[in-house]
Structures are given as structure tokens and as C-alpha cells.
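Since the structure comes first, as C-alpha cells, the remarks are kept for the end.
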Protein chains: 2
Amino acid sequence: MDKAGGDQGGAEVKAGGQTLLSRLSASSVRPGWTKVSCPCCVSERVEPLVLVKLGEKVGPETKRWLIKLIGAPQTDGGAGLLAHPGEDASGDLIIVSAPRCTLLRATEELGLCKLYRSGDMEAFSYQDRNNFKDSGRFLTLAERQFIVKYELDGLRAQRDLRIPGLLDIYTLQRRDNIWQKLQSAGVTLDTFPLHNTNKLKDLSEAWYSGNQLAQPLDSVNKYFGSPVAFYFSFLGFYTWSLLPPAILGVCITYFSEIKSNSSQVIGSEDDSAPAISGHMLQAVFSMLWSTIFMELWKRRSASLSYRWGTLHLTERFAEPRPGFHGNLGVNPVTGRVEPLFPDWQRELRMALVSLPVVGLFLGLVVLGMMGFYWAEALVQQLNEDWDNMLTQILLIVPSVLHILFTNMLATVYKTVAQSLTEYENHREESAFQNHLTAKVLVFTFINNFAVLFHIAFYKQDVPLLRKRLASLLIFTQIINQVTEVVIPFLVDRFISAPHRTQREDDPQQDKFRNQSSLPPFPGLFAEYIELLVQFGYLSLFSCVFPLTAVLLLLNNLTEIRSDAYKICKLFRKPFFPPVANMGVWQVAFEVLSFVSVVSNCWLLLLSPRLQQMGQENGMSSSNLLLSAVLVEHVLIIVKVIISIVIPDEPDWIRKKREHIEFSSMQALRQSPSPSPPPSPLLSRPASKLSKVPPSEELTS
Amino acid sequence: MDKAGGDQGGAEVKAGGQTLLSRLSASSVRPGWTKVSCPCCVSERVEPLVLVKLGEKVGPETKRWLIKLIGAPQTDGGAGLLAHPGEDASGDLIIVSAPRCTLLRATEELGLCKLYRSGDMEAFSYQDRNNFKDSGRFLTLAERQFIVKYELDGLRAQRDLRIPGLLDIYTLQRRDNIWQKLQSAGVTLDTFPLHNTNKLKDLSEAWYSGNQLAQPLDSVNKYFGSPVAFYFSFLGFYTWSLLPPAILGVCITYFSEIKSNSSQVIGSEDDSAPAISGHMLQAVFSMLWSTIFMELWKRRSASLSYRWGTLHLTERFAEPRPGFHGNLGVNPVTGRVEPLFPDWQRELRMALVSLPVVGLFLGLVVLGMMGFYWAEALVQQLNEDWDNMLTQILLIVPSVLHILFTNMLATVYKTVAQSLTEYENHREESAFQNHLTAKVLVFTFINNFAVLFHIAFYKQDVPLLRKRLASLLIFTQIINQVTEVVIPFLVDRFISAPHRTQREDDPQQDKFRNQSSLPPFPGLFAEYIELLVQFGYLSLFSCVFPLTAVLLLLNNLTEIRSDAYKICKLFRKPFFPPVANMGVWQVAFEVLSFVSVVSNCWLLLLSPRLQQMGQENGMSSSNLLLSAVLVEHVLIIVKVIISIVIPDEPDWIRKKREHIEFSSMQALRQSPSPSPPPSPLLSRPASKLSKVPPSEELTS
């Protein structure tokens, strides 16, 4: 019902952003947008990319200054973008777009690859732009929007500056980050990219509306950016990779059923052997499977990264992230003047501050669990001794307290991890994100698995583990379906639908404003950790419950759709920087796949049937242990060898990469002066200035 | 005595090769050397670099043709070198030198780094040569000589060609490797670099004549090339790294002596604990030490590689090695026409041929050992049963047979490994060498350690292992000293000395010919494997015999000198290509350091005192085993973390590397056409033709 409404709305605004903007610009006789500084970028249509929401108390004076700043050329310290004041000069919106040259120059700066006339993907070069195919329009919506954010975030005061209409305490110092300052001063409340209704409709139709099996990953990449596309590629790849273990699991369960049924008839003489070997087969298979899966994913990830032009990102050569601070100096790599922060100091901070603090929190998790077990034992003892109303109520107290404690700890930890990572002062945004993710990830993972590990390794109670695991798998699945399909549907029905009906006649600004009423996208952390945790159930304890893979496969098939629905419909469009891979998540999956060998071997050893079998064959328990250790070592060595033997990138990508290396080597040798010695006086203050290639007159 | 003679000889030919060559060229009124093709390379003095020894039956016609070929410019299919016919046109020597331009162009092609005017090491660029410091003479002797070999090896027939004075079966086809053909036709017998008496004298004085502690590594690199310099750097680094474990070993031995003495007086109640903890301390220390040592070595290796200008070698972009064959095609990386061989085919050959064959040989080693033990048991049984002269002689038969079998196997294996690696058809010489070395290395190592592993893991007899290890250590040390110091001294005294006395008046040719009478240098394999084996004794079984490190330290201090003496005096000067690290040896040492954790934990577990202690403390043997496994896992994790946390290259090198990456990225972006699409018609047939930079007129 409401989907049909959405369709109609989309059909009406045919030709997407362009149409609606031409209307918007027509209403204010074109100069609603700031002027373009270079002649090549003048165009009839301006596409609204990003919305800046201003604070309520911001005066028109400040808004005018801000629009001017956004529209000023980069050589004058502006962002070189296009700004539109919305309905009137005093409204609380600024709509931002980007002219062609700014986009192209930023593309070069980010190191994005684009299709060259030779048919290969090559790192984009502004000077050589005419040799790139379709060079006016090759940037995806996600890239265009990220570039706007990148330019806004990169705004720095060129000299001390008072912002009109603000108090003196907000005066900008030289090299201050303007956008951060504006945010802390309450001038800008939010900066977020705008949805393109038309494209979104096409995307959602191809993605989750029908019952298609393949995801439109290229379109996802174009619309949301590579991090989202990588997440969904991984989700899809992982889901299909679950097929082999799922099939094996079904077979083993089926045959061991038959066996146990027939053995009940014939008598239970040598019935345990096949079931054991089935479990062992399953465990060994899943241990090797996880490595092969990760290696193949790495290859696929490299291909995708090539396809999406993010194989040669140059984040380390670009300006540092806005939050980075340090003493001004000459960067020895690029020769630019920028804040520098010594690596050893960062490492020291990580070793002496972050590591102990994270360790402390992990200790608290373990302590909490031990406290829970202790309290539960105590309460049960009390209940046995007294057995009245009060003690029965007391029975649930430990669980409640433990849940409260865990949740509180998690909340506190998130803040602490954020400040720790800020304190570590990473230069690149990706490094920052990776370190933050790693911290939260370890904590969340331990939090999820502490109880299972406790049962497996300390209590050594395989039946309890099996029970717990099965209930967790089914329970999480139901919770997932509720939180990811049912609740979204209800939210969409009762919260999103009302503002969708008013589409037809409203001014464009109100539609934009409506987007800002959606909650911001919470990031991909929750999605990834969900996958990691289920991968953990699968690989760590696979031999305990052979049907894990089947359940996960079913779960993930719906997960793809519900996640897609969520990101398309229920949240504001998020900014995502271009990335070349899954970052720290890949490492997490790989580490898990190695830990799984240890846990599986241990669980197999614990299995009562194996113990019994060993005794029957006259093996002492220490010989049994010894052979388990031997098997474990062999498996780990095989896994290491597999991961070395399967190259991380396909041959054709390696060749393309080497070809680029060769070309740049040749270019370096033939350039007049391969590396100007970094001298502080001559160095370009920022990449903004170096955008006009110095040797253009020689080559053109 | 003979050293003094050497000194005088050296002093007489002061100013080294130059003087003796000016005399040589004066004798034949300069045109003894072929003409230089480019004017900038004309110089008064020509330094003889390489000697080519011809077969006895080679006619003057062929020799003239060969000299012409060597002297012809590269554009005409020649080597672009300088050749001198020796005494007369019919002699069996050709002396080869290289003009400046050929040297510089090859330097660029090999990707050697040289000191730039900015003070950094930069990849040499022929076009930019004037900005490099001292660009006429920055090449080391080893580099100049290797370049001559490189050019000779790279000679390929440009069209079908009959070699004058040879049978028709030796007619060259187009693209045939000329030098290989000449060798197989018996025209050239030997090609080897000439010693520079003067430099050699200086080097040997600084290296091993005095009692200096530091080695003149830079001079070694200059004279012999980077592989030799890396070997000696590693040897030195390793020797000094032995100090901490040696000191610890002495302390532990000393204190456990005291303890055991005092406990003999007081009574043996709780005396075993400290000794055990001493052994454990030693074992844990040496396991962690080996990782830290390897990580620090990698950093040092990177610094050395930067210092010696081999950090950015471009072997993969150069012509394939002479033995490489395949169908002609366009290399997708460089765009040149050259033989291509698909990677998957090579991998298939490795997996389906090399791997099974190597496995077979390893199996034969194990089989041999088992046969030996079986035969020995049999013979001893026989001896006990019959006990006569015959059976007593029979007692030594198994050992003799085993030694014979092992040696035969090793000889056969070396040939097989060589052909297997040839069959794998590696494109780069370094890949070929690494694969060959890896094959021989695994075999030799297993051969050396099979017996020890058998004692440790199968017989589980720690005292026997200790006895065996001690005897091996002392025995190998004595053998080493004999083979590496005493025999060399004798050889030098009675074989080298006679030809050294005739230095003064002989014609230069005879002195050169004398060098060819020395045996060729057998390569560094034997030296490295010796280090690896002793590193194996140290790390694998360190907890058994704590004084290992002390013995090895003493051994290595003399080893440095004897190895240096050997390479300087007893052999022909060998060719060594520039390399960036130790190659496969580094991996071997690292793998060993991880295997050592397993073996040490196992040996500690076996130690009777620990078993006894466990029983006293009421631990069952399987609990003891469990804690050993736990300790092992923790140690391996700690080692993995250490090796990740310590970066493989120092920060300053990382910065310089990134700076170069940044510069080449910039250059690529600003070059007129970053990557000409590889088209077979336009592609340059070989790097020889592309040496005149196409854009010189634009930039100069």
C-alpha cells in the first residue's frame, strides 16, 4: 500500500534530482545558488547533494557568511562548492552542491580509480581527465556527496577570523578547522546527504522488493558508497558459503539419526563410532572451510575494490582527519606543512593507556560473569535452605543484576573507547575507525561469548553447551527478525508514511526537511558484529550442533533483505568514505577462524563418546589428549598453508597493480625532478593549492 | 709470510685496476680495447672487470666475432661493453669492461638506488643522472661486474645467425640467448669477475687480519655485493644476539650447580624446583628471544638494504632470466614482447610434480632412518646371540650403510631439486634461487634433525638427547674449525702461495689466468645452512642443554673470520646480483623459531623432574599435559603478537618509502600519458631500445 504510494511519488518527480532542482533554481531565478568560479563548471542544472541544518538562533548574517564561505574558491580559503539558502535567507537550511572541477580535483586527491580510455581502471588524474571515459559524470552519487563532506570538513581558517553574528569566544585562529568550530558553536546542527527518491526507488526494487537471488551491488555502491556495498557483498558471499557446511550438517544429522534408529533396533554395540566420525568430519570440514572461505573472500574483495575504483586510495597522502592535532611541521612524505604527531608517541599511548584500560574492562566482564555464577549459586542455596516467596524472587535477582551490569558496562565502554581512540590521535580517518572498531569489537565479542567459553572450557559441560547454543541461535534469530523486519515495518507504516503522503505539493525544502526528521544511520558496526557473532557460533562450536549452518543460512537469506530495507527506508542517508576492504572486520573473522581450531579440538576431546571410544580402544586420557593436540597442530599448519597458498588477490588484479607500479616508476624516472627535497618554504600549504598541475604548459 | 708478500704486491700496483689497465692498454696502443660507441664514455683508463675463458678449440675467427659482439652497441644487438683480446688474437682469454653509459643504464634497469643531491637514496634515473651525487663512480665493483654479466647474459640474437667458425648445428635462431648457446657449444668455458688485488688487500686487513670486533660491511658490499654482505651482517648480528641467552645459560648452570651442591649437603627435599624453574626460564626466554631477534634483524636488514641501494629492485620489470622459456607475447605489466608463461601452469607444476617428488625424498630420509634403527636393533640382537668376530664387524654396518645412503640421497636430491626448479620455469632469477634453496634447505634440515626429533618425540629419551646434542655441538664445532680454518690455511699455504710469488714481472694476462685456476666459489648455501642448523640446536632443544648459546657464541666469533678468509683468499671472485634481503633464509629462521615453541614445551613436559614435581603436587599426567599445551598456546600467541607489534622496517625507512610512492604517484599523474595501452605493434622489443627516454626534449 504505502510502497505503491512511494512508487507514484517517484514516478512523478521523474528525472530525479535534476528536475526538482531546476524547479528549485527556477523559483529563485537561478542565482539562488552561489556562482561557479570556473567557466567549465557552469551548467543549467545543479543537483542538491548535501543538506546543512543550522541552529535555530543563527542569524541571517551568519548564514550569509557561511554560504559565501562554502561558495568561495578554494584558493581563497573557501570550499569551492555551491550553496543554496533554501526558501529564504533566514531559513535554517543550506543546500550544498559541487561544481565539476571541485569534484574532479577531489577525485584525484582521494586516489579514486576510474575507467580509462584503454578500458582499465586507472587512478584519476585531473590533468589527464579527458582520457577518462565519461569524465563529466563518472562519479557516483555517494562519491559526490562524500566529496562535499570532505571539502566542508577540510575547511581551515587561513588567518584569524571573527565569524559574523557570533560571540568573540568563537573567533577562529589560523589553521582552525572551521566546520568543527561551527558545530561546537551550534551554528550547524547536522550535515547529511540527501536521498535521491528516484534512484532509491530503482535500487530498492532491484534489491529487496522482488525475490531475486543476486544483489545489485554496483548500484548499492553507487548509491550508498563502498563500505555499505562491501558489507552487503560480504553478507551475500558469506550466506552462499554457508551452503556446503549446511548440506554436510543436514547429511550428518540425517545419517546419524538413521544409525541411531537402526542401532536401537539391532542393539547398541558399535553405534557410537559413525556419529563420532560424523561430528569429527563436520568439525574438520568447517575448520578448513572457514579458512578457504576467508581467502576466497579476500580475492573477491580485491576484485570488487578494483571494480569500484578504490584499490589505490591515497588517504595517507591527503590532509589529516579534522580531529588530528600536533605541532605544525613538514610532512616528510608529502612535503606539505601540516600538524605532525610522532608515531612512537601514539604507540606509547596505545601501550600504556589504551591497552590497560581495555584490559580492565575485559576483566570487569569476566568478573561480572564470575559474580553472576557466584550469586546464582548462593541464591539457589538460599532457596533450597529456606524456600519461600522471597527467595524465589531472589532467584532472578542475579540475572537481572548481571544484565544491568553488562549493559551499563557496554555503554560506559563505548564512550571510553571513543575517547581512548581520540587520545591516540590517529592521522587517517580509516585508522581511527579501525582502532575504535577493534576496541568495541573485542569487548562485544567477549561479552557475547564469555558464558559459552565458561561452559565449554571451565565447566566442560557439552550437553549444556549444546542446549545453550541451540537456544541462542533460535532466540537471536527470532529477535533479529523482530527488530529488523517487524519493527522497521511498523515504524515505516506509522512514522514514515505520514510524511510520504504530503509529497505532491509541498515545496522542495519541506521534503528535504522531512529527511532530517529521520533518525541518523547508526553505522555498520551492529550489522558486522551480528555476523561475527554468528560466525563465532558456527566456527567455534560447530561440532557441538551440526545444524548451525542451516539455521544461519536461513537467517541470513532474510537478513539481506531486512538490512537492505532498513538502510533504504528507515534512516537518513549516511556519508560513507570510499574504502578498499572491510578493514578490521576481515582480521576479526580470520582470527576467529584460527581460534576455532583450538575450541573445536577441545570440544571433540570432551565429547563423552570419544572418551568412551578411547577407553574401549585402550587409550589413556593423556594419549587421547596428545592426539587431539596433534590434530590441532596439523590443522593449524594446514590452515596457515592454505592461507599462504591461495593468493589474496586474483592474478589479473596483481598484473594490473604491477602495471600501475611499473608506469609510475617509469613516470618518476622521466619526470624532470622526481622528488623535490621537502623544504618548508617552498612547500604547498595544502593540497588545495597544488591542484593546478605545475607542469601543464609542458605537456599540453 | 705470504701475507706480507701479498701486501707488497698490492702496494706495487697502487691505484688498483686503473694502473694495471693503463699499462695493459698502453701495450696495445689503446685500441686493444674495442671502441666506445658514445663520446661521453671515452676515458683514458679502462678497468678490466670480467674475464671470459674460451674453449681450447675456439678459432680466432670466432673470437673476433665474439669481441665484436661484446663491443657492439646495444641497439645493434651487442652488449655495449668493452672487450680486450688479451695477449693476442688467438689467446683463450677475453677481458671485458663496461663504458659509463652502459653501466648507468643498467643501473636504472636494475632499479638500484643511489645518493641523490638531496641526501636521500633515490632510484637511479639515467635521464636525471646529473642530480645524483658522484654519478660517474657511484657504482661498486660488485655492481659493475654484475652489470657486465647481466648484459652478457641478456644477449639475444636479433635474427637467425651463424656463428663464424662453428658448426651449423650451433646456428642461432631469432631471440635465442647467445651466451647460453656459446656455453653449450663450448666456446666460452667460464665467465668470472676479476679480483682487484689492492681493494682485496684493504678489505681483508679491515675484516679479519686484526682483532677488530666490527666487520667492514659497507666495503664487503662494495667488493662482493649485497648477498655476501647480508650473510656477514646476519652472522654478526646473530652472534651478538647470542650474548643474552649465553649469559642466562651460564647463570642458570652456575646457580643450579650451587643449588645441587648445597642440596647434597642439606638433603634433597625441595631442590628440584629451582633447577626446573631455571630450565623453564631458559626455555621461555629463548623462545621469546628468537622472535625478538628475528624482528630486530628484519629492521636491520631493511636499513642495510636502504643503505646499499637495493630497497627498490625492479627485477620483475626487467627481462626474464636466461633460462626462462615460454610463448612470445606482450607482458601485461611492462608492455614488452617477451616469453610468457602462465602462473597457474607453474603452480600446477609445483603442486603436481615438485611437491610429490620432494615429499618422496623426505619420505626416503625418514625410511632410511627407520631402516637404520631396525638394522641396528637386529645387529645388536645378533651380536648378543652369537657374539663373535663377524657380528662385531656387523655392528658398524648399519651406521656405514646409513651414512652412505644419506650421502647418496643428498647428491641425487640436489640434481633433482635443480631440474625441478628449472622445470617450474621461474621468470626471475631470485624466484628461481629461492625455490631451489627452499627445496634443498628442507631436505638438508630434515636430514640433520631427523635423528634428534626421533629421540625427542618418539623415544622420548631426554638424557640421550642431551648427550647427543652436546656431542653434536662440540663435534660440529671442531669439524668446522678444521674445515674452515685449518684446511683453508693449508690450501692457501701450499696451493695459493706458489702463484702469488710470481706476481712482480708476469704479464697481466698470466695473473688473470692464475685467478681462473682457483676453484669457483660454492655459494652461500653451505654457510647459511650451518647457521640454520645451529640455530635449530639452540632454539629447538635449548631447554635440554643450557650452554648451547655459549658454545655457539664462541664458535661464531671464529666463524666470522674463517668465512671471511675463505671468500677473500681461497676462491675465484663470484658474481652476486644485488638483493634486498636474505630471501628464503629469513623465512626458514622464522619458521624454526615457531617450531621451537612446540619442541621446547614438549621437552619440558618430558623432563623427569617436572613429571615428578607434578606428581608431588597431585597433578595427573593429563593435567600436566594440558598445562603444557596451554603454555605453548600462550607462547605462540605472544610470539605472533610480538612479531606484529615490532614493525618490519624502521619508521624512517617507512617514511622514505612512502615519500617515493608519493613522488611516483605525483609523477604518474602529471605525465602526459600515464600508461600507454600495451599494444604488440608499438611495444618496445626489449628494454634496450627504451633507454633513450622518449620525453627528453620536453623536459631538458
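The values are calculated or read from the model by the stated rules, or taken from the named source; none is laboratory data. All of these numbers come straight from a predicted model, not from anything done at the bench. Virtual Cβ from ideal backbone geometry, glycine too; neighbours counted across all protein chains shown.
For this structure, a couple of remarks:
- Each residue in region A:331-363 was checked for being more than 20 Å from A:T421 (Cα to Cα), out of contact with any Asp or Glu (no Cβ under 8 Å at 6 or more places or on another chain) and either more than 11 Å from every other protein chain (Cβ to nearest Cβ) or surrounded by fewer than 18 Cβ atoms within 10 Å (Cβ to Cβ) (or both), and 2 of them qualify.
So that you can scan it fast, the table gives a plain yes or no per residue for (1) at pLDDT below 85; (2) farther than 18 Å from B:N196 by Cα; (3) outside any helix (DSSP H, G or I):
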{"position": "B:C101", "(1), (2), (3)": "no, yes, no"}
{"position": "B:Y126", "(1), (2), (3)": "no, yes, yes"}
{"position": "B:R137", "(1), (2), (3)": "yes, no, yes"}
{"position": "B:V148", "(1), (2), (3)": "no, no, no"}
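- Evaluation of B:D387 against the conditions (1) within 26 Å of B:G323 (Cα to Cα); (2) more than 24 Å from the chain's Cα centre (by Cα); (3) not aliphatic (A, V, I, L, M) shows that the sole unmet condition is (1).
- Checking the stated criteria, B:R500 turns out to be basic (K, R), at pLDDT below 70 and more than 22 Å from the chain's Cα centre (by Cα).
- Per this entry, B:S399 is not counted among residues that are buried (at least 19 other Cβ atoms within 10 Å of the Cβ), away from every other protein chain (no Cβ under 14 Å) and among the polar types (S, T, N, Q).
- Any hit, region B:92-105, residues being in contact (Cβ under 8 Å) with a residue 24 or more places away in the chain, within 14 Å of chain A (Cβ to nearest Cβ) and over 15 Å from B:L69 (Cα atoms): yes
- Residue check for A:M613: in a loop (DSSP other than H, G, I, E, B) and over 39 Å from the mean Cα position of the chain (by Cα): no
- For region B:187-232, a residue qualifies if it is of a type in the set (S, T, Y) and more than 22 Å from the chain's Cα centre (by Cα), and the qualifying residues are B:T188, B:T197, B:S209.
- B:K573 away from every other protein chain (no Cβ under 14 Å) and either over 26 Å from B:A302 (Cβ atoms) or surrounded by fewer than 18 Cβ atoms within 10 Å (Cβ to Cβ) (or both): yes
- Test set (1) part of a loop (DSSP other than H, G, I, E, B); (2) within 14 Å of chain B (Cβ to nearest Cβ) - A:L115 fails condition number: (1)
- Among the residues of region A:298-317, the ones that are in a loop (DSSP other than H, G, I, E, B) and surrounded by fewer than 21 Cβ atoms within 10 Å (Cβ to Cβ) come to 2 in all.
- Leading residue by the ranking (surrounded by the fewest Cβ atoms within 10 Å (Cβ to Cβ)) among those in region A:602-646 that are small (G, A, S) and within 14 Å of chain B (Cβ to nearest Cβ): A:S620
- Considering residues of region B:150-164 that are in a loop (DSSP other than H, G, I, E, B) and in contact (Cβ under 8 Å) with a residue 12 or more places away in the chain only, the residue farthest from the other protein chains (Cβ to nearest Cβ): B:P164
- Only one of the numbered conditions (1) crowded, with 22+ Cβ neighbours inside 10 Å; (2) more than 30 Å from A:G77 (Cα to Cα) is not met by A:T239, and that is (1).
- Flag if B:R669 is at pLDDT below 85, at negative phi and touching a Phe, Trp or Tyr at 6+ places or on another chain (Cβ under 8 Å): yes
- Selection within region B:458-478 - surrounded by 14 or more Cβ atoms within 10 Å (Cβ to Cβ) and touching a residue at least 24 places away in the same chain (Cβ under 8 Å): B:V462, B:L465, B:R466, B:L469, B:A470, B:L472, B:L473, B:T476, B:Q477
- Flag if B:L490 is crowded, with 19+ Cβ neighbours inside 10 Å and either part of a helix (DSSP H, G or I) or modelled with pLDDT of 85 or more (or both): no
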